[in-house]
Amino acid sequence: MTPEAHQDAPELTPLTFVATSDLTGLTKGRVVPTAGMPTGASTGWVPANVGIGVDGHIVEGIPFDSSGDLRLLPDPEAVHEIRGVPGKPDLTVAIANVVHTDGAPWSCCTRTILRDTVAALQEEFGLSAEVAFEHEFADLDGDTPHHPFSWRNFRAAEPIGSHLVTAMQASGLELENWLPEYGRHQYEVVVERAAPVAAADRALLLRDLVRDVFAAFDRRASFTPMTAPGETGAGVHVHFSLQSADGSNPLFDADRPGRLSELGGRFAAGILRYAPSLAAVFAPLAISYERLKPHNWSAAGVFLGVENREALLRICPTIEINGQDPEPQLHFEFRAGDIGANPWLLLAVVLRAGLEGLRQDLEPAEVVVGEPERAQITDLPCDLAQALDLFEQDAEVRSWLGEDLVQTYLAVKRAELAAVADMSDEERCRWYADIY
Ligand code: GLU
Ligand code: MG
């Protein structure tokens, strides 16, 4: 007899998952009955949890031990009703900031780091931002013949795709695009833009929603950057625009190269300048660097390109059909991120680097039109070990994140490198595919 057939079965108790994201970018939290979670209530959390690595163990060498207590304090503006996953009850997800027991922010709360960055951009330069995350993932159990962008591949994922889109709409994740991608059984899903923290919150929700809907059909969706050596990579691309207080687009200047304003050029310069030190954050997996190679349309090198899909930072095209105005449309796409990055931290470091470009009045970044010359490209680190060394050596970047977070991050990521050290390339890809 199935549970549903039980005549006297009690109604399911509505549950709330109080959620955070850790340094592996996986969503973590605690579950409470929704009725027991009025606005302002919090639930417990443990400092050492931030030191859990991708293999599910607390790593050695972090500045936290078995002592201490924190609270997950839901943001009342980030309470989401997740609906429409076949076979699963509706769920409230209350996205939380991590605070001390007296309510003071915890220095390792990545959501707070993003909120502070967004606030600084507003206070110091009067700028706000809008952000849309683009996620690529693979249906690991897809076994029908593949062809990029094809009707056939779109249909191969039906009815899962329709259920996914339905669940997204029902859960307040407005869909912009759902498409069969280039890679083998690869798909892409784009959620409409929102304010930065809300956009990163949605990125976090989207990942588990996708995995849940695929799992309901006994299929495994994985966002891993490389499903197998030599395969097409999967990225997490971050589109973002800036707005001035009067609603105009401070990135736009029709008379400059790429139609990018001087301010936009300085913002971009900050991102390019710090990119090598930040790679450990936006490309944080041992296999991330297999994706960040030439001809993968990911981000083979550090440059600002006009409509160029190999650029770390792309000036996106504007649509001018029927006289549409390009001015409000011009925006950036940061293309180097992947699923290993905590979405709040990923966005925080990109915006913070841009903010530093403004603060330090950096020379506007060179706008590369067409293919870059070798001299116009700065290299990204060649692997995660080098990325971690650059991150560790950059005192400025460390100061953005705080020493507890930096030390924990280095320990988590170096333990991860040790865990994959003896694996073959195939085994590494499989390991990460299972995790992500
Ligand atoms: N799959 C590419 C990546 O790894 C992106 C392709 C595209 O959508 O432009 O980032
Ligand atoms: Mg894509």
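Values quoted throughout were computed directly from the atomic coordinates according to the rules given, and no laboratory measurement underlies them. In this text the structure is predicted, and so the values were computed from the model without any measurement. With ideal geometry, Cβ positions are generated from the backbone for all residues, glycine too; neighbour counts draw on all protein chains shown.
A few remarks follow.
- Two-decimal Rg to Rh for the stretch 363-418 - Kirkwood Rh, Cα set: 1.12
- A straight chain from residue 255 to residue 218 at 0.36 nm per residue would run longer than the Cα-Cα distance by 8.0 nm.
- Other residues with beta-carbon under 13 Å from the beta-carbon of residue 219 carry, at +1 per Lys or Arg and -1 per Asp or Glu, a net charge of -4.
- For the stretch 324-373, the alpha-carbon radius of gyration amounts to 1.44 times the rule-of-thumb value 2.2 N^0.38 Å expected for a compact globular protein.
- Relative contact order for the chain, counting Cα pairs under 8 Å that sit 6 or more residues apart, in percent: 17 percent
- The chain: DSSP helices with Cα axial extent of at least 18 Å and average Kyte-Doolittle hydropathy no lower than -0.5: 110-125, 196-216, 262-282, 343-359, 403-420
- Ranked by the mean number of other Cβ atoms within 10 Å per residue, highest first, peptides 352-359, 333-340 order as 333-340, 352-359.
- Debye-formula intensities of the chain, expressed as log10 I(q)/I(0) at q = 0.06, 0.07, 0.10 Å⁻¹, are -0.24, -0.33, -0.70 (one equal scatterer per alpha-carbon, no solvent).
- Global geometry of the stretch 24-95, whether rounded, prolate or oblate, following the gyration tensor of its Cα atoms and the 1.5 cut on a/c: oblate
- Highest average packing first - 422-431, 294-303, Cβ atoms within 10 Å: 294-303, 422-431
- Over all other residues within a Cβ to Cβ distance under 11 Å of residue 172, the charged ones net out to -2, with Lys and Arg as +1 and Asp and Glu as -1.
- Counting Lys and Arg as +1 and Asp and Glu as -1 over every other residue whose Cβ lies under 15 Å from the Cβ of residue 360, the net charge comes to -3.
- Contact order normalised by residue count of the stretch 53-139, Cα under 8 Å, 6+ apart, percent: 19 percent
- Averaging 1/r over each pair of different alpha-carbon atoms in the stretch 48-180 and inverting the result gives 19.0 Å, the Kirkwood hydrodynamic radius.
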